[in-house]
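Data block below; observations after.
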Amino acid sequence: MVWQVFDSYTLIVPMRVGLFGGTFDPPHLGHLVTAVNVRHVLKLDLVVLMVANDPWQKHGTREVASAQDRLTMVQAAIAGVDGLLAGDDEITRGGPSYTSDTLAVLHERYRGAEIFTIVGDDAAAKFGSWQRADEIAKQSTLVVVDRPGSPLLPPSEFNWHRVEVPRLEVSSSDLRARFIDGRPLKYLVSDAVLQVIAERRLYGSKS
Ligand code: ATP
């Protein structure tokens, strides 16, 4: 069992772990602000930004950067940030990425932990179409955060914990479009991520 020991007289409480999954193509400030704020509000020990190996819900919509490149960007984005971790379990497992399988791995790793599945309201609105949604709801506490735009309602048959985070009008799609038409990315993506993008020539960047 993985427990936290608070002092030598052993007040023992289970760990609280957030699972924040995504394509992260690329990771941006909206992701990071969400992760640190949910961590703070829910007093989580850890938030794992889990990089989807194969984001099957995005099949046929566009080309996705390689899983390894997206993982490297997430690692760069969170370097030195307390309580955030880049998760590579879905990449190691291979194949399509199903949250229920990932939760099983996290329960095994952090035995006895309470696990929170964190999603933006756009993702929550589609939750009913996720593979084994009922199982995910049993394996974890569901957490939804609002994104800018008209609020999207998560399916009411599940129990949702709503957490307020600063709403940042930023999305990976907009950032990819910015690369194509040369609009500025600075401050929307961290410099460390911009460096990985330049080094690996992602999104058509030249150097
Ligand atoms: P894309 O624009 O390519 O669809 P995205 O910006 O939505 O990408 P994802 O990696 O698909 O990024 O999202 C991972 C998770 O982060 C999802 O739960 C999504 O709702 C959430 N998320 C993305 N952007 C924000 C944001 N600006 N504020 C809060 N949550 C966000």
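The accessible area of residue 150, taken with all protein chains in place and a 1.4 Å probe, comes to roughly 90 Å². Projected onto planes of every orientation and averaged, the convex hull of the alpha-carbon atoms in the stretch 147-207 covers 6.0 nm². Each peptide in 69-79, 98-108 gets a packing score, the mean of other Cβ atoms within 10 Å over its residues, and the list from highest to lowest is 69-79, 98-108. On the beta carbon distance between residue 109 and residue 156, with R0 = 30 Å, the FRET formula returns roughly 0.40.
Would you mind telling me which residue in 178, 167, 62 has the biggest mean-square fluctuation in a Gaussian network model of the chain, where springs connect alpha carbons within a distance under 10 angstrom? Fluctuation is largest for 62.
Counting heavy atoms of the protein chains only and a 1.4 Å probe, report the per residue accessible area for the stretch 69-191 as a whole number of Å². It would help to have the intermediate numbers written out before the result.
On the way: 6230 Å² over 123 residues.
I get 51 Å² per residue for this part.
In the chain, the DSSP-assigned H stretches of four residues or longer account for a calculated mean residue ellipticity at 222 nm of -10000 deg cm²/dmol, using -39500 (n - 2.57) per stretch and the full residue count as denominator. Treating r as the C-beta distance of residue 79 and residue 43 and R0 as 30 Å, the FRET efficiency rounds to 0.85. Remark: the residue 141-residue 187 segment gains 13.4 nm on full extension, using 0.36 nm per residue and subtracting the alpha carbon distance.
The residues 61, 34, 141, sorted by heavy-atom accessible surface at 1.4 Å with ligands and nucleic acids left out, run 61, 141, 34 from largest to smallest.
Counting protein heavy atoms only, the stretch 8-111 has 54 percent of its accessible area on carbon and sulfur, 1.4 angstrom probe.
Extension gain for the segment residue 168 to residue 92, taken as residue separation times 0.36 nm less the Cα-Cα distance, is 24.2 nm to one decimal.
Before anything else, pin down the relative contact order of the chain: Cα pairs under 8 Å, at least 6 apart, normalised by residue count, whole percent. Could the numbers behind the result be given before it?
Working: 350 pairs, mean separation 50.1, N = 207.
Reported relative contact order: 24 percent.
Evaluating 6.51 cos²θ - 1.76 cosθ + 1.60 at θ = phi - 60° for every residue in the stretch 154-159, the Karplus couplings come out as x, x, 6, 6, 10, 8 Hz, glycine and proline recorded as x.
Highest GNM mean-square fluctuation among 35, 124, 177, for the chain modelled with Cα contacts below 10 Å: 177.
What is the chain by shape, rounded, prolate or oblate, if you read a ≥ b ≥ c off the alpha carbon gyration tensor as root eigenvalues and call it rounded for a/c under 1.5, prolate for a/b larger than b/c, and oblate otherwise?
Details: a/c = 1.65, a/b = 1.43, b/c = 1.15.
Prolate, because a/c is 1.5 or more and a/b exceeds b/c.
For the stretch 137-152, the Karplus equation 6.51 cos²θ - 1.76 cosθ + 1.60, evaluated at θ = phi - 60°, returns couplings of 5, 7, 7, 8, 8, 8, 10, 10, 10, 7, 10, x, x, 5, x, 10 Hz by residue, with Gly and Pro reported as x. For the chain, a Gaussian network of Cα nodes joined below 10 Å ranks 157, 114, 169 by mean-square fluctuation, and the top entry is 157. Taking amide H positions as modeled 1.01 Å from N, with prolines and chain starts lacking one, the residues under 5 Å from residue 141 and 5 or more places away or on another chain are 115, 116, 117. Computed from the alpha carbon atoms alone, the convex hull of the stretch 43-118 holds 102 Å³ per residue.
The values are calculated or read from the model by the stated rules, or taken from the named source; none is laboratory data. This structure is a prediction, so every number in the text was calculated from the model and none was measured. Reconstructed Cβ throughout: ideal geometry from the backbone, glycine too, with neighbour counts over all protein chains shown. The accessibility values were calculated without ligands, DNA or RNA, using every heavy atom of the protein model including side chains. Shrake-Rupley method; radii C 1.70, N 1.55, O 1.52, S 1.80 Å.
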